[in-house]
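Notes follow the structure.
The values are calculated or read from the model by the stated rules, or taken from the named source; none is laboratory data. What you see is a predicted model; the values in this text were computed from it and never measured. FYI the Cβ positions are ideal-geometry reconstructions off the backbone, even for glycines, and counts take in every protein chain you see.
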Amino acid sequence: MTTDYEVAALTIPEQIWLWLRLNMIDVAGAFAVLIIGLLVAGILSRWVERALTRSPRFDPTVANFLSNVVKYVLWVLVLVTVLAQFGVETTSILAALGGMALAIGLALQGTLSNVASGVMILVQKPLKVGEAINVGSITATVQNIGLFTTELKQFDGLFVMIPNSELWNKPIVNFHRHPTRRFELVVGIAYGDSMEQARKELLALAQADERVLADPAPAAFVNSLDDSSVGIGLRVWCVTGDYLGLSWDLTEAVKARFDDVGISIPFPQREITRKLA
């Protein structure tokens, strides 16, 4: 048995060697736990990433993020287990780690909110790269979805970057999610013109365009009775990719057809009378 006086008389390398000899079993056990724990953490994190990647609900970015979370949590558990092999009080370590996590969470509240929102966007997929969306006052095409921000490109070419927390907390209108869209056009005609003829002309234009779907069938109707005109509405369905071109072409064709058949499109007029003294 070596006394404290004898240990104090040894040099530092001799003290280290003595400590290793006395704690050989604990050191070997801790080393084994460390190696095995790191290997298991790596295997489990890779397994989680592969499993999530195979699921169509999870984006590769989310799969990588969650696999890293699993890996780091396992690393912490391995570290605590190794320290316990040497008699370190792990309760205080876990309490300290919990306090650190709370402090970091409060300091990075906005950043963590963006990350959480980014994960929800990538999992729920209300928008995808290449889709056109409207959120708030912004209408643009999605360029990139990250864990912190989403990059958009407006139709005028301007670049927009939105924090994911703001994007997730607003209604998102996705123009390309469904394969078909409805286009509606309302044209005002004079009260003296035939409403039936106007409806027939609108339906004929819709049926003549190959981009207009037969099901649901096009519909023409009296939409409103305004101050200086009767609003005649036209509703047609088309493939989403044809929507913009169809809306431009039908609007132009309606004006040209009404001019040809003598249906007038009135504009608001105001009569001003002057009272003579």
Here the qualifying pairs (Cβ atoms under 9 Å; residues six or more apart or on different chains; first in segment 69-81 and within 12 Å of residue 38 (Cβ to Cβ); second surrounded by 15 or more Cβ atoms within 10 Å (Cβ to Cβ) and charged (D, E, K, R)) come out as none
The condition from (1) surrounded by 13 or more Cβ atoms within 10 Å (Cβ to Cβ); (2) more than 38 Å from the chain's Cα centre (by Cα); (3) not in a helix (DSSP H, G or I) that residue 217 misses is numbered (2)
So residue 193, is it surrounded by 13 or more Cβ atoms within 10 Å (Cβ to Cβ) and touching a Ser or Thr at 6+ places or on another chain (Cβ under 9 Å) = yes
By residue number, the members of segment 144-178 that are in contact (Cβ under 8 Å) with a residue 60 or more places away in the chain, over 27 Å from residue 112 (Cβ atoms), surrounded by 15 or more Cβ atoms within 10 Å (Cβ to Cβ) and out of contact with any helix residue (DSSP H, G or I) (no Cβ under 6 Å at 6 or more places or on another chain) are 175
Note: among 246, 185, just one is touching a residue at least 40 places away in the same chain (Cβ under 8 Å), surrounded by 15 or more Cβ atoms within 10 Å (Cβ to Cβ), more than 30 Å from residue 143 (Cα to Cα) and within 39 Å of the chain's Cα centre (by Cα), namely 185
Self-check item: Filter result for residue 73 (modelled with pLDDT of 75 or more and surrounded by fewer than 15 Cβ atoms within 10 Å (Cβ to Cβ))
Solution: yes
Exercise. Would you check if there is a residue in segment 114-132 being part of a helix (DSSP H, G or I) and at pLDDT below 75?
Key: no
Some residue of segment 203-212 being surrounded by 13 or more Cβ atoms within 10 Å (Cβ to Cβ), of a type in the set (A, V, I, L, M, F, W, C) and in contact with a Gly (Cβ under 8 Å, 6 or more places away or on another chain):
no
